[in-house]
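Structure first, commentary second.
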Protein chains: 2
Amino acid sequence: MYRLPLTLRSGDGAPLYEQLYSSILGQIRAGELPAGTRLPGKRSLSQQLSVGVNTVDTAYQMLVAEGYLEARPRSGFFVLETVETVAPGGAAAVSIPEEASPPPCRFDLSTGSVDTELFPFRTWGRIQKELLYDAPELLSHGPRQGERVLRQAVGEYLATYRGVVCSPEQIVVGAGTEYLLGLVAHLLQGQTAAVENPGYQRLSTILQNNGVVCRFVDIDSAGLSLEALERSGAELCCVTPSHHFPTAVTMPAGRRSQLLRWARERPGRYIIEDDYDAEFRFDTRPLPSLQGMGGQLGPVIYLSTFSKSLAPSIRVACMVLPPELLERYRETYGSYANTVSRFEQQTLYRFMEGGYFTRHLSRMRSAYKARMERLCEALSTTLGPENIHLQGRHTGLHLLLTLKTGLSEEEMVRRAGEAGVGLQGLSAYYMEHRSTCPASTVILGYAALRDADIPPLAGVLREAWQRRDVGSR
Amino acid sequence: MYRLPLTLRSGDGAPLYEQLYSSILGQIRAGELPAGTRLPGKRSLSQQLSVGVNTVDTAYQMLVAEGYLEARPRSGFFVLETVETVAPGGAAAVSIPEEASPPPCRFDLSTGSVDTELFPFRTWGRIQKELLYDAPELLSHGPRQGERVLRQAVGEYLATYRGVVCSPEQIVVGAGTEYLLGLVAHLLQGQTAAVENPGYQRLSTILQNNGVVCRFVDIDSAGLSLEALERSGAELCCVTPSHHFPTAVTMPAGRRSQLLRWARERPGRYIIEDDYDAEFRFDTRPLPSLQGMGGQLGPVIYLSTFSKSLAPSIRVACMVLPPELLERYRETYGSYANTVSRFEQQTLYRFMEGGYFTRHLSRMRSAYKARMERLCEALSTTLGPENIHLQGRHTGLHLLLTLKTGLSEEEMVRRAGEAGVGLQGLSAYYMEHRSTCPASTVILGYAALRDADIPPLAGVLREAWQRRDVGSR
């Protein structure tokens, strides 16, 4: 039996049993109490330390529970063999860099942002609060594909505004388009997808991450070309027909029907339609979706997000699956819980059901349209109408600006960045054939731009792009 | 030129341009306006229909935008070729069954539920509201791995209560353990994982869905056995050391250090530690995590969830990654947005930071402990202490009940179900070697059980399990 060299301090933070536990554990770990050592009896140790027997018993039982001691009936507590494996310096000592993020800039013209001031704080907050008090049952697990009422409401909304034809059972709600696309891509792994070039790189990253081979197919003035699609040998095609990202091309009906016919020619062919910002068509109403054109049983996997219509940080997106894919989805993911908080789903449901969503959309649409017009006006006036060409005014939340003064895209982006304007060149969206990219064209995402920033932004861009290139690298 | 047989009705819901658009589209789709047809000039049609020229122009422009018409300069509008592809009966007509869900029952003893009445509605609601008004910037995109302050707070919490050793940069926040495990499993695809048998089937489903091969390894009284692990040839092992699911075994320190040593023997070996309910240890404090034992740079992928400590429907979980896996994680998922609403992340952060979380946990712990004791007492009294054996009283939110009257597990589950008690037999958690499952043992998840339901539940179980089996199948 070992006599423990211990002193415990009462009234000093940690309870006595905790101090005792830590001391003994420290000695075991330091090798001072080798395996097989018999510890003092509870009574004798309690006398030695002037603490209660219960205190000793608690500490011993903790060490038994953790596997450091063994209690042998009628003979006492013995140290068990453990292999010390904690790396030297157990505490977090190694500094690991934080994930990379773009540096902040004075004018952020990246795409993917929205104007957070347009968010319906009051209504959203009220509904959120009502739900928390009225509907505690929402704390339990909900339906895996998403709240039934939300899918119903989303289905009706998509039918009315996007011409989507589906039943609520075909809708899956999830924490973002990336998540949902990842799930469906996984079901299609090993297949080949034709992906628009230029395009939204994140789509192809997700497809590739999930084992789908991507063939980048150049788009023409009507979007993805059928000849190129046929040549690619793909079984899948991934398109943004309402508003091609980033060139703003709208795919006309003829091309759409060709795509659908292509998909129907062979079983297992699917079209992934990313309808990421159809809410923001400013002149005429948005084109109905390809999904609706293909019909309820058609070959289109339809993706829609609330990132732009509400906020990117409220992670709600949905997808519509063709019935046979839905079946495979349920087989594979039947045990996965839904990824969106039920409160958030129900808040969105009540927001849609109360008519707030369509009102909110029309408010956003007016605000964005006015901003876009103000930006176009300011750019034209400040840079000179003869020096620029603007595209993408009818829809979406970004413009394409082509500078006709001979400055290269690279130089435009670099100089803008130096002047505090964060933007990307069109060529950044080319996964292949970058040399075919129209010259001197940049993308201006204006959704998060303050109105008051528009005149200074235009001034800064003129300054940056029109100065003689003196002293730059 | 074609003379359109049209009549428009003013004051009748749809705007005139919309009616005109629909009529022409209908005729194109019906083949009444074949490709190449020249439509009437805008002025002549406007006179014919007694509407403004603008009305006709809007309708024509919509059809141009959608690719049904082509505007040829100085010659007018012509119908383009489109292939009609909408499936017969375009509207959602096909009925698709809703995803399957278990039938409701009078007493739900499934695991995975929590007592929603313990949820801190008031504090949570207040923080949520404050954030909505105070922090509109949370509507924009946040850090991909999760809010920095939340990762900091979670890191401190896990260090204090679970002995986890990591820096906040190693933590990834995501919409549920399933989502996070899926991401990490995907990084390990093609590898083989040893998975506890019996165990939590969803873990192996997720691993398999992501291309990890699962070998089911029988556990012994100390959890996953090292010999079996070595025999399995696995490079990964997936364990619940704090509280094995569902047998409630706690893995002792000796076994833990063996596991860590196993992982250290070869580069690329990892231990996935699912610490799913360590918050609910009732007698002594919970065992420190295997992750902490392995150290900050150790081989443990640590998973923790707020499903049980807050609510299953609030989708927040987190994982701690070893540095080299973190690097691969960032390479692969560097462009993925976080899946948890920033508001929810910040609400949780403020909830933890304000000290509410630890108070909430201790409140839950007391309530669950009292409920568990009440349930044990009622079962023992009602079924007879000599007839039952109860395990798992020290930790977690479920008990194992073994009936010693000779009734089979299958019969126990069936009769309980008929009497309105939803529960599962232990054998349901065996992926292999079901014959080695202890006889007549069922799992009682008591977290969602009302106190008032305990006496009638015990009575119903006695009635169901002790009656002579007359007239049953």
What helices in chain B pass both tests, a Cα length along the helix axis of 24 Å or more and a mean Kyte hydropathy of -1.0 or higher, using whole DSSP H runs? B:356-383
Trypsin sites (Lys or Arg not before Pro) within region B:6-81, DSSP loop, no more than 15 other Cβ atoms inside 10 Å: B:R9, B:R74
When each copy gets a label point 7 Å from Cα toward the beta-carbon at B:P136, what are the spacings between them in nm, shortest first? 3.5
Rounded to a whole number, what % of the accessible area of the protein assembly as shown do carbon and sulfur atoms account for, probe 1.4 Å? 49
Mind listing P(r) for chain B? All alpha-carbon pairs, 20 Å bins, whole percents. 20, 38, 22, 17, 3
Would you work out the relative contact order for region A:185-303, in percent, from Cα pairs under 8 angstrom that are 6 or more residues apart? 22
What average number of partner chain Cβ atoms lie no more than 10 Å from the Cβ of the residues making up B:334-346? 6
Within a 10 angstrom radius of each residue's Cβ in B:67-76, how many Cβ atoms of other chains show up on average? Whole number is fine. 2
Note the buried accessible area between A and B here, summed over both chains, with a 1.4 Å probe, in Å² to the nearest 100. 7900
Along its principal axes, what span do the Cα atoms of region B:12-69 show, with the longest given first and each in whole Å? 26, 24, 19
Principal axis dimensions, largest first and in whole angstrom, of region B:127-238 by Cα: 56, 30, 22
With the 1.4 Å probe rolled over protein heavy atoms, the protein assembly as shown has an accessible area per residue in Å² of 40
Find the Cα radius of gyration of the protein assembly as shown, compare it with 2.2 N^0.38 Å by division, and give the number to two decimals. 1.08
Select from region A:319-393 those GluC sites (Glu not before Pro) which occupy a DSSP coil region and have at most 13 other Cβ atoms within 10 Å, ordered by residue number. A:E386
For region A:95-168 and region B:8-80, what is the separation of their Cα centres, given in Å? 38
Averaging the inverse of every distinct alpha carbon separation and then flipping it gives the Kirkwood radius. What is it for region A:235-390, in angstrom units? 18.1
Euclidean distance of C-alpha centroids, region A:293-322 and region B:354-398, integer Å: 44
Under the definition of Cα pairs under 8 Å and six or more residues apart, what whole-number percent is the relative contact order of chain A? 17
Just counting partner chain Cβ atoms within 10 Å, what average do the residues of peptide A:174-186 show around their Cβ? 4
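The values are calculated or read from the model by the stated rules, or taken from the named source; none is laboratory data. These numbers were taken from a predicted model, which means no experiment stands behind them. Methodologically, a virtual Cβ is constructed for each residue, glycine included, from the backbone with ideal geometry; neighbour enumeration extends over all protein chains shown. Heads up: the accessible areas ignore ligands, DNA and RNA and are worked out on the full protein's heavy atoms, side chains in. Shrake-Rupley method; radii C 1.70, N 1.55, O 1.52, S 1.80 Å.
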